[in-house]
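First up is the structure itself, then whatever we jot down about it.
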Amino acid sequence: MMKIYLTADKQLTHADAIEDGSWVCLTQPTPEEIRQVAGTLDIEPADLQAALDPEESARVSLEDGYTVIIVDIPVPVPDKGEGVYTTIPLGILLTQTTVTTVCAVDTPVLADFTAMRVRDFSTKKKMRFVYQILYRAATMYQLELRLVDRRRQEIEKNLAGSSTQDSDLIELHALESTLVYFATSLRANGTVLDRLTRYKRLEQYPDDMELLDDVIVEIRQAIEMTGIYRDDIKGTRELFSAVLDNRLNNTMKWLTSVTLIMAVPTVISGLYGMNVNLDSMPFADSSFGFGIVCGLILAICFAAAWVLHKKHML
């Protein structure tokens, strides 16, 4: 899908054709739309298609007559629950007069601009527009990171409530994978920002540089948050392991105690079941012998259970 936007008098309007100062927004574009934009702006179609490849890495390249900027943005993974994300490329192509964005999904990063929720947004201020996109992407990372940590806390509460399931462990692993993707993508985005500060070909104004500094700060903060939350998930996973091991030890200890108590009647009944002279067996000649033996068995079992209970074995 292709949409063309143009700002005038602080209002965002739709345009029918690409003109100076316009923003061409391509969301999962068709081959025909890619050829149309490439032909109009004199851009290589491969550079437009690069952002549609999920394996494309973040980079900046200076081409003949235009600049290609590719950064990674977070997107939720369908049917994986809250807090599970991956990252995909977002392409930004700058010509002398236009800005073109290319993405495989309709991302909230760009939706904020189409809804005019970004302050001082203008399609004619190209570098400022680029830095505003990067700033929104960085803040979106931070928002998703908080959601990841909130979901981790919920899983940790399930552990405390003794309602841990295999799905919690699987989801915890998915959250950790999300943070790995975030850390890799944020470092790559940080490299892109460092290169943008060094390129003299890109016309930048003092206000743009201030915004770039803000973006760099937000990226660094997101990287620090990712590291902290990864450590938190690592600690939660170790807590899971320790608690499950402790529960297993308690279960084995309880089963061992029960086995020990059950061994008492087994041993006594085994002795009385042996084929020996009845005169040598205690209580064999008593009419209450069976009751007496059963009483002794119960007494010994209760005594063993009391001793095990005192030793916190039962």
Quiz prompt | Residues (outside any loop (DSSP other than H, G, I, E, B) and open to solvent by less than 30 Å² (accessible area, probe 1.4 Å)) located in the range 7-17 | solution = Thr7
Quiz item: Limited to the range 74-95, what total is found for residues that are more than 20 Å from Gln142 (Cβ to Cβ) and touching a Phe, Trp or Tyr at 6+ places or on another chain (Cβ under 8 Å)?
Solution: 3
Quiz prompt | Checklist (1) in contact (Cβ under 8 Å) with a residue 40 or more places away in the chain; (2) in contact with a Cys (Cβ under 9 Å, 6 or more places away or on another chain); (3) open to solvent by 80 Å² or more (accessible area, probe 1.4 Å); (4) not β-branched (Val, Ile, Thr) applied to Asp20, failing item | solution = (2)
Quiz item: If we scan the range 24-37, do we find a residue that is surrounded by fewer than 19 Cβ atoms within 10 Å (Cβ to Cβ), charged (D, E, K, R) and more than 37 Å from the chain's Cα centre (by Cα)?
Solution: no
Practice problem: Check the range 36-59 and report whether any residue there is part of a strand (DSSP E or B) and either in contact with a strand residue (DSSP E or B) (Cβ under 9 Å, 6 or more places away or on another chain) or closer than 22 Å to Val215 by Cβ (or both). | Solution: yes
Quiz item: Pick from Gly291, Gly273, Gly235: which is modelled with pLDDT of 85 or more and not acidic (Asp, Glu)?
Solution: Gly235
Practice problem: Select from the range 221-251 the residues that are of a type outside the set (Gly, Ala, Ser) and surrounded by 14 or more Cβ atoms within 10 Å (Cβ to Cβ) and list them in ascending order. | Solution: Gln221, Ile223, Met225, Thr226, Tyr229, Arg230, Asp232, Ile233, Thr236, Arg237, Phe240, Val243
Quiz item: Based on what the data block shows, is Met274 open to solvent by 50 Å² or more (accessible area, probe 1.4 Å), in contact (Cβ under 8 Å) with a residue 24 or more places away in the chain and part of a loop (DSSP other than H, G, I, E, B)?
Solution: no
Quiz item: So which residues in the range 79-125 are aliphatic (A, V, I, L, M) and within 21 Å of Ser61 (Cα to Cα), if there are any at all?
Solution: Ile88, Leu90, Ile92, Leu93, Leu94, Val99, Val102, Ala104
Exercise. Among the residues of the range 58-116, write down those that are small (Gly, Ala, Ser), surrounded by fewer than 21 Cβ atoms within 10 Å (Cβ to Cβ) and touching a residue at least 60 places away in the same chain (Cβ under 8 Å).
Key: Gly81, Ala104
Quiz item: Which numbered condition trips up Glu156, out of (1) modelled with pLDDT under 90; (2) more than 19 Å from the chain's Cα centre (by Cα); (3) surrounded by 14 or more Cβ atoms within 10 Å (Cβ to Cβ); (4) acidic (Asp, Glu)?
Solution: (2)
Self-check item: Test set (1) out of contact with any Lys or Arg (no Cβ under 9 Å at 6 or more places or on another chain); (2) modelled with pLDDT under 90; (3) surrounded by 17 or more Cβ atoms within 10 Å (Cβ to Cβ) - Trp254 fails condition number
Solution: (3)
Quiz item: Residues Thr87, Thr67, Thr100, Thr95: which one is more than 19 Å from Tyr199 (Cβ to Cβ) and touching a strand residue (DSSP E or B) at 6+ places or on another chain (Cβ under 6 Å)?
Solution: Thr87
Quiz prompt | Meets criteria (among the aliphatic types (A, V, I, L, M) and open to solvent by less than 80 Å² (accessible area, probe 1.4 Å)) for Met281 | solution = yes
Self-check item: Unmet criterion (only one of (1) acidic (Asp, Glu); (2) in contact with a strand residue (DSSP E or B) (Cβ under 8 Å, 6 or more places away or on another chain); (3) in a loop (DSSP other than H, G, I, E, B)) for Asp72
Solution: (3)
Quiz item: For Leu211, are the conditions met, namely being out of contact with any helix residue (DSSP H, G or I) (no Cβ under 6 Å at 6 or more places or on another chain), touching a residue at least 24 places away in the same chain (Cβ under 8 Å) and open to solvent by 20 Å² or more (accessible area, probe 1.4 Å)?
Solution: no
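The values are calculated or read from the model by the stated rules, or taken from the named source; none is laboratory data. This structure is a prediction, so every number in the text was calculated from the model and none was measured. Positions of Cβ are generated from backbone atoms using ideal geometry, with glycine treated the same way; all protein chains shown enter the neighbour counts. With ligands, DNA and RNA removed, areas are computed over all heavy atoms of the protein, side chains included. Shrake-Rupley method; radii C 1.70, N 1.55, O 1.52, S 1.80 Å.
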